[in-house]
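Data first, discussion second: the structure below is written as structure tokens.
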Amino acid sequence: MAKTPKFANAKVFAWVDKWNKLCTPDSIVVVKGTKKEHFDICEMMVKKGQFIKLSAKKRPGCYLARSHESDVARVEGRTFICSKREIDAGPTNHWMDPVEMKKKMEKAYKGCMKGRTMYVIPFAMGPIGNPITQYGIEITDSPYVVVNMNIMTRTGDAVMKHLGKDGSFIPCIHSVGAPLKKGQKDVAWPCAKKIEDKYITQFPEDGEIWSFGSGYGGNALLGKKCFALRIASKLAKDQGWMAEHMLILTLTSPEKKQYHVTAAFPSACGKTNLAMMLPKLPGWKLQTIGDDIAWLKPGADGRLYAINPENGFFGVAPGTSNDSNPNALKSCKKDTIFTNVVLTPDGDIWWEDMGIKAPKEGIDWKGNPCYVCADDPYRMGPKPGMTKKEIKEMGYVAAHKNSRFTAPAVNCPVLDKDGFNGIFKKKPTGVPIDAILFGGRRPSTIPLVNEAKSWTHGVFMGSAAGSEVTAAVISDQIGQVRRDPMAMLPFFGYNVCDYFQHWLEMERTSADATKLPKIYFVNWFRKTADGKFMWPGFGDNSRVLKWICQRIEGQVKANETPIGNLPFAKDIDLANNEGREGFTVDPKMLKEILTVDVEGWKKEIATVGASYDEYDAKPSKDSKEASKTAHRVPKALRQVLADVTAALAK
Ligand code: GTP
Ligand code: SPV
Ligand code: MN
């Protein structure tokens, strides 16, 4: 049995000792967070066949991993919020009694690290020492998780030192759930293969995260969704701040005025892209602070101040090209881990819609050979000489739809270094937010941009968000529209109704509510009847950001409609509207996506009402305990719903 190492911090010792005894690893390594240690682990994984080292010339410091076919995305069906009372997890979460869940999971953890090394990762969510930053200790038996955590969070000695003798942290335990017998050879991607053997469990009241059976993304990199969203959203509610699934960007106008914008879009709906977008509009400059998560705290001046708790980007690979997101491509030029993309013969990587011609031959995400398509040099198929149509009909892709790159934020050429380090005007406050955007993937009905008439109306817009389900989650509903309030559906750490109420409270408790950000709803994804995007998106989205800045400054009028304030088409700046087909704005389409589709909206609002009914306390054994107002959709939001319904009927 491995001996538990000494730690200055008694709580860290107790956490590691507990799991050492239960999981019985062969050895224990405490992660120091040095470059050498990081690359030593990567090279060890190369030797074990778990990583492929990419060309030192084309992708220095880069590696490719291929996951098991059962382990390619978040598993929402196996994600649990284990509060004492079911009603506190709410109707959108899977729940189990925490005592029962711990008993059940402890059985699974028993001996689960046999034949493996247990890594102890001290990590920070946020710049070390920043007043908003929080800390964690993740125990894992996955070296893949260690090197990904090294990129996605700040790890190692500096964190341990900051924790000192009695600093607090969120304790996290993770195992791939695949112990090795004596002499048994490891596989390329160990995990529990059956979905029902995987558990992603949050204990919001204990502030603990227990994950078992998966090695992929948010299931295993526990600082990300489990901590920075599920656990943090509960902390934030209790302490009066917000933990949101939002990018943060800095926008500078030609007049050199700076704006900070956050945007909450569901998984694989455009956060990374907007966060590092290259504006098409001349004179506008955009810089990145974060691409997935924002922690926002109210300031004494009434404004909301935000930091990015992360240290890297876990970005969707397919679709990332020089046309769509050149800064993301540059971010993964070095020191990046790629998962489930295509390996090319020259030791580089490739994916669908990378804007680069496919190699003649490659290895697809499953490790099988793949070949350039006969009639489209930008596609690959599983057999030589296949046509685009044949490949499409098979539903074949060479890079998995949720294949990802894990890239260090410092690689991003447009990183706002001050903002990224939580600094504004030389103080560690985070950046003051001017606008909050909500959005989703909506082929119909939802206009390009819609401004909320008030904070409450904005909260309503967020609560009413819907989006097509994407490959970021293992689901049989991919492509169908589902309600995804504030893009947080999979990430609420508590009851969704109480979360809505918390958003409303931010206005009530603000030192100056007139300074709160203005709220907008955007939709880059409207489609024509024959399935073509009506708006070019990407760099052209700068045109919408400019309109938002002009609204903040009171420089343009808006079309006041029953659903909110829409731009007049003439106010969307079409400067530099040149480029390839599909990458320019069609003024006729622009008119259409700025018009209220009254019949579509009537249906939309009815669906929102139905979702509210579902959120209202479902009968559970706690229902009697629940008061009449808690755990119910706030009256103020029901009122907006009624007002919009009435206005549409006129
Ligand atoms: P998560 O990391 O899962 O939270 O996703 P995300 O919100 O960061 O999504 P991301 O920016 O990676 O975009 C996902 C997919 O949407 C990619 O394939 C993009 O090419 C595509 N996409 C992003 N922005 C736009 C846009 O403005 N228009 C269109 N048509 N597609 C977009
Ligand atoms: C998402 O699904 O929203 C992601 C990817 O950002 S994961 O980290 O796997 O949750
Ligand atoms: Mn995300």
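Residues considered: LYS84, LYS47, LYS103, LYS3. Of these, the only one that is modelled with pLDDT of 95 or more and in contact with a strand residue (DSSP E or B) (Cβ under 9 Å, 6 or more places away or on another chain) is LYS3. Only residues that are away from ligand 3 (no atom under 16 Å from the Cβ), in contact with a Leu (Cβ under 6 Å, 6 or more places away or on another chain) and not aromatic (Phe, Trp, Tyr) were counted in the range 243-286, giving 5. Every condition in (1) of a type outside the set (Asp, Glu); (2) surrounded by fewer than 18 Cβ atoms within 10 Å (Cβ to Cβ); (3) within 27 Å of the chain's Cα centre (by Cα) holds for LYS57 except the one numbered (3). Contact annotation: residue pairs with Cβ atoms under 7 Å, 6 or more positions apart or on different chains, pairing a residue in the range 499-518 that is closer than 23 Å to TYR259 by Cα with a partner that is of a type in the set (Val, Ile, Thr), are TRP503/VAL459; PRO517/ILE433; PRO517/ILE436; LYS518/ILE552.
When the residues of the range 287-330 are narrowed to those that are farther than 24 Å from ILE519 by Cβ and more than 16 Å from ligand 3 (Cβ to nearest atom), which ends up surrounded by the fewest Cβ atoms within 10 Å (Cβ to Cβ)? Per the criteria, the residue is ASN322.
Okay, residues lined up against (1) surrounded by 14 or more Cβ atoms within 10 Å (Cβ to Cβ); (2) within 16 Å of ligand 1 (Cβ to nearest atom):
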{"site": "GLY531", "(1), (2)": "no, yes"}
{"site": "ILE548", "(1), (2)": "yes, yes"}
{"site": "GLN555", "(1), (2)": "no, no"}
{"site": "ASP571", "(1), (2)": "yes, no"}
{"site": "LYS588", "(1), (2)": "no, no"}
{"site": "LEU594", "(1), (2)": "yes, no"}
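Residues in the range 442-463 that are of a type outside the set (Gly, Ala, Ser) and touching a Pro at 6+ places or on another chain (Cβ under 7 Å): 1 in all. Within the range 268-291, residues that are farther than 12 Å from VAL544 by Cβ sit with their Cβ atoms under 6 Å from residues that are within 12 Å of ligand 2 (Cβ to nearest atom) and modelled with pLDDT under 95, at 6+ positions apart or across chains, in these pairs: ALA268/THR470; ALA268/ALA472.
Residues in the range 391-434 that are under 30 Å from ILE552 (Cα atoms), of a type in the set (Gly, Ala, Ser) and either surrounded by fewer than 24 Cβ atoms within 10 Å (Cβ to Cβ) or in contact with a His (Cβ under 7 Å, 6 or more places away or on another chain) (or both): ALA409, GLY419.
Condition check: away from ligand 2 (no atom under 15 Å from the Cβ), modelled with pLDDT of 95 or more and over 23 Å from the mean Cα position of the chain (by Cα). Does PRO204 satisfy that? Criteria not met by PRO204. Of everything listed in (1) crowded, with 23+ Cβ neighbours inside 10 Å; (2) out of contact with any helix residue (DSSP H, G or I) (no Cβ under 7 Å at 6 or more places or on another chain); (3) of a type outside the set (S, T, N, Q), the single unmet condition for PRO171 is (2).
Here PHE583 passes the criteria (1) surrounded by 14 or more Cβ atoms within 10 Å (Cβ to Cβ); (2) modelled with pLDDT of 95 or more except the one numbered (2). Among the residues examined, SER463 does not qualify as within 16 Å of ligand 2 (Cβ to nearest atom), at pLDDT 95 or above and not charged (D, E, K, R). Entry remark, the range 192-207: residues being among the polar types (S, T, N, Q) and either farther than 26 Å from ALA232 by Cα or free of Cβ contacts under 8 Å to residues at least 24 places away in the same chain (or both) number 0 in total. For the criterion of being within 12 Å of ligand 2 (Cβ to nearest atom) and either in contact with a helix residue (DSSP H, G or I) (Cβ under 7 Å, 6 or more places away or on another chain) or of a type outside the set (Val, Ile, Thr) (or both), MET246 passes. Restricted to the range 101-198, the set of strands (runs of 3 or more DSSP E) holding at least 1 residues that are of a type in the set (Asp, Glu) comprises 134-140. From the list THR320, THR336, THR272, the lone residue that is under 27 Å from ALA464 (Cβ atoms), within 16 Å of ligand 1 (Cβ to nearest atom), modelled with pLDDT of 95 or more and hydroxyl-bearing (Ser, Thr, Tyr) is THR272.
Condition check ((1) out of contact with any helix residue (DSSP H, G or I) (no Cβ under 6 Å at 6 or more places or on another chain); (2) over 24 Å from TYR216 (Cβ atoms); (3) within 16 Å of ligand 2 (Cβ to nearest atom); (4) not small (Gly, Ala, Ser)) across all residues:
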position: LEU281; (1), (2), (3), (4): no, yes, no, yes
position: PRO298; (1), (2), (3), (4): yes, yes, no, yes
position: PRO318; (1), (2), (3), (4): yes, no, yes, yes
position: ASN327; (1), (2), (3), (4): yes, yes, no, yes
position: LYS333; (1), (2), (3), (4): yes, no, no, yes
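Answer yes or no as to whether ARG85 is under 29 Å from the mean Cα position of the chain (by Cα), over 19 Å from GLY115 (Cβ atoms) and surrounded by 20 or more Cβ atoms within 10 Å (Cβ to Cβ). Here the answer is no, as ARG85 does not meet what is asked.
Are any residues in the range 524-542 in contact with a Pro (Cβ under 7 Å, 6 or more places away or on another chain) and closer than 19 Å to PRO279 by Cβ, and if so, which ones? If the condition is that a residue be in contact with a Pro (Cβ under 7 Å, 6 or more places away or on another chain) and closer than 19 Å to PRO279 by Cβ, then GLY539, SER542 are the ones that fit.
Any residue at all in the range 340-348 that's without any contact (Cβ under 8 Å) to a residue 60 or more places away in the chain and either at positive phi or surrounded by fewer than 21 Cβ atoms within 10 Å (Cβ to Cβ) (or both)? Looking for residues that are without any contact (Cβ under 8 Å) to a residue 60 or more places away in the chain and either at positive phi or surrounded by fewer than 21 Cβ atoms within 10 Å (Cβ to Cβ) (or both), one finds at least one in the range 340-348, hence yes.
The values are calculated or read from the model by the stated rules, or taken from the named source; none is laboratory data. Note that the structure is a prediction, hence the values are computed from the model and not measured. Note that we place each Cβ from the backbone using ideal geometry, even for glycine, and neighbour counts take in every protein chain shown.
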